[in-house]
Amino acid sequence: MDKQKDALQIKGLRDGLLIALGPGEWKDLQSALLQQIEARQPFFRGARVALDVGSQTLRVNELSALRDRLSEQGITLWAVVSESATTEKTAQLLGLATRISKPRPQEAQTHTPKTTDTEAALFIGRTLRSGMRIEFPGHVFVFGDVNPGAEIVAEGNVFVWGRVRGMIHAGSKGNTQAVIGALDLSPIQLRIADQVSAMLRPQQNPRPELASLSEEGKLQAVPWQPT
Amino acid sequence: MSAKIITITSGKGGVGKTTAVANIAVALASDGKKVCCIDGDIGLRNLDVVMGLENRIVYDLVDVIEGRCRLRQAMIRDKRLPELYLIPAAQTRDKSAVSPSDMVRLCDELRPEVDWVLIDSPAGIERGFRNAIAAADEVLVITNPEVSAVRDADRVVGLLEAEGKGAPSLVINRLNPSMVRNHDMLSAEDVLDLLAIPLIGIVPEDESVIVGTNRGTPIALDGKSKAGQAFRNIALRLQGQQVPFLDLDAHDGLWARLQRLTGRK
């Protein structure tokens, strides 16, 4: 029983609870968590909970099952914080937040020193629909559309083999060399580094375009030309 | 019998979920099927009003789930169609009275009793929405040809995909062909282009829908109404029949193009 208590730490946040899971098998951690909640029902009832799952790799069915179990106890799961990119993607697909207002102390360390991380790319082989938000400390490639209401925030470049009608932010940590390329670039808004541009013109005959910052630092989109 | 469970949802409110449930249910029941509707909008029930069964409610969904009555007792039989039933929502409770697993248990109990279960989802994407889709075999997403409604429908489609419910089918409600012709309204093609899910019906704007709703007589019972015909066609398509889309006298060639689009799925 003591071991189980070590497996999870509960902290109060300004707007709810943060439950940090220790290392271990997901099945054990989940049952330890549910046991704790059952044992202290009045404390947990109606709570907003953010879950720190550490480096656990979680799939959609695992996370949605847990969310449903929690909701049966009257607990709202609103965020899942993780070091695993897969888990973050899972949480984002389920519409859960992946950042809580107070960043984790380790977070700054995990991203900045890894310069090689900016060479990593996240491949998304599906259409991003309204409400989905992808954040990634590298490049993002989407094979599908980015619909209105969807957002991509990448520290590197963003390429979309499809239509862009949502919001894309490339070079989110200030990289002015970042570019955004798409087969049809008709976004609600584009951002590169700290430049923001609303590009509302709908394309009559869509063609591939590449958006980048000009020498004056203005956001511009240029049609792709075969060279 | 093993019922097929269909949930109708939209994200945005006021696009016609309840009207669609009532009309598709009436159409299926008119085809001789045994149908049970469940109002999933606990706290804001109105499917009973649209179906004209309000004055006959004794027990509701929450009573069944909390064991105050048997399932059978909460099923109100329709006065026009003997094989049509409604399980109404509780008016004095809220969404937290029911959990997704309660809905799955209830629907499993209902499955051997009827051919079709239609669940009316509340607006939004929170608890009530998750209750409504928990037991669904198939989901219909309904939208209006409006940018905001389509945006919300897109969000719902994304959530359904994430839940592993597969691609839902699309109902476009309240399409006004002459407004589409004048480019004042999104066309069915525009909506399909964005949502990229199979189309199962287009219901034209029709004043008689409002009249029917107020009277508690779903217009699918009315042989003449075009909207009623559109709902009957959706019911036929749910049963696996190939029914051509209604000619709403819109763009030249639009329907041909639409059929091509839907034929492609």
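The values are calculated or read from the model by the stated rules, or taken from the named source; none is laboratory data. The model shown is predicted, which means the values in this text are computed figures rather than measured ones. Methodologically, a virtual Cβ is constructed for each residue, glycine included, from the backbone with ideal geometry; neighbour enumeration extends over all protein chains shown. Just so you know, the surface numbers come from the protein's heavy atoms only, side chains and all, with ligands and any DNA or RNA stripped out. Shrake-Rupley method; radii C 1.70, N 1.55, O 1.52, S 1.80 Å.
Annotations
- Accessible surface buried at the B:A interface totals approximately 1600 Å², computed with a 1.4 Å probe on protein heavy atoms.
- Residue-averaged beta-carbon neighbours from other chains (10 angstrom radius) around B:189-195: 2
- Degrees, to the nearest 10: B:147-162 long Cα axis against longest axis of chain B: 60
- Accessible carbon and sulfur surface of the protein assembly as shown relative to its total accessible area, %, 1.4 Å: 49
- Nearest-10 value in Å² for the accessible area of A:GLU83, using the 1.4 Å probe: 100
- Take each residue in A:149-158, count the other chain C-beta atoms within 10 Å of its C-beta, and the mean is 1.
- For the protein assembly as shown, diffusion coefficient by Stokes-Einstein and Kirkwood Rh (Cα), 37 °C, 0.692 mPa s, µm²/s: 133
- Solvent exposure of chain B as accessible area per residue, Å², 1.4 Å probe: 40
- Ellipsoid equivalent to chain A - semi-axes via the Cα gyration tensor, in Å: 39, 18, 14
- Kirkwood-based shape ratio for the range B:24-168, expressed as Rg/Rh from alpha carbons: 0.96
- The range A:166-196-the range A:135-160 distance, computed between alpha-carbon centres (Å): 9
- Nearest 10 degrees, 0 to 90: helix B:226-238 Cα axis against chain B principal axis: 70
- Inter-chain Cβ neighbour count for B:149-156, averaged per residue, equals 5 (cutoff 10 Å, partner chain atoms only).
- For the range B:4-261, the C-alpha radius of gyration divided by 2.2 N^0.38 Å, with N the number of residues, is 0.96.
- Degrees between helix B:100-110 axis and first principal axis of chain B (Cα, 0 to 90, nearest 10): 80
- Alpha-carbon gyration tensor eigenvalues x 5, square-rooted, for the range B:157-250, Å: 23, 18, 13
- D_trans [Stokes-Einstein, Kirkwood Rh over alpha-carbon pairs] for the range A:121-227, 25 °C, 0.890 mPa s, µm² s⁻¹: 185
- For the range B:161-180, a drop of 20 Å² or more in accessible area on going from the chain alone to the assembled protein chains (1.4 Å probe) is found at B:GLU161, B:ALA162, B:GLU163.
- ³J(HN,Hα), Karplus 6.51/-1.76/1.60, whole Hz, each residue of the range B:131-143, x for Gly, Pro: 4, 5, 8, 3, 9, 5, 7, 8, 10, 9, 9, 10, 9
- Of all DSSP bridge pairs formed entirely within the protein assembly as shown, close to 25 percent run antiparallel.
- With Cα atoms as the point set, the range A:1-104 shows a radius of gyration and Dmax of 12.5, 34 Å.
- Of A:LYS11/B:LYS95; B:LYS4/B:LYS34; B:LYS4/B:LYS33; A:LYS173/A:LYS218, those spanning more than 19 Å from alpha-carbon to alpha-carbon: A:LYS11/B:LYS95
- Of all DSSP beta bridges in the range B:4-261, antiparallel share, percent nearest 5: 5
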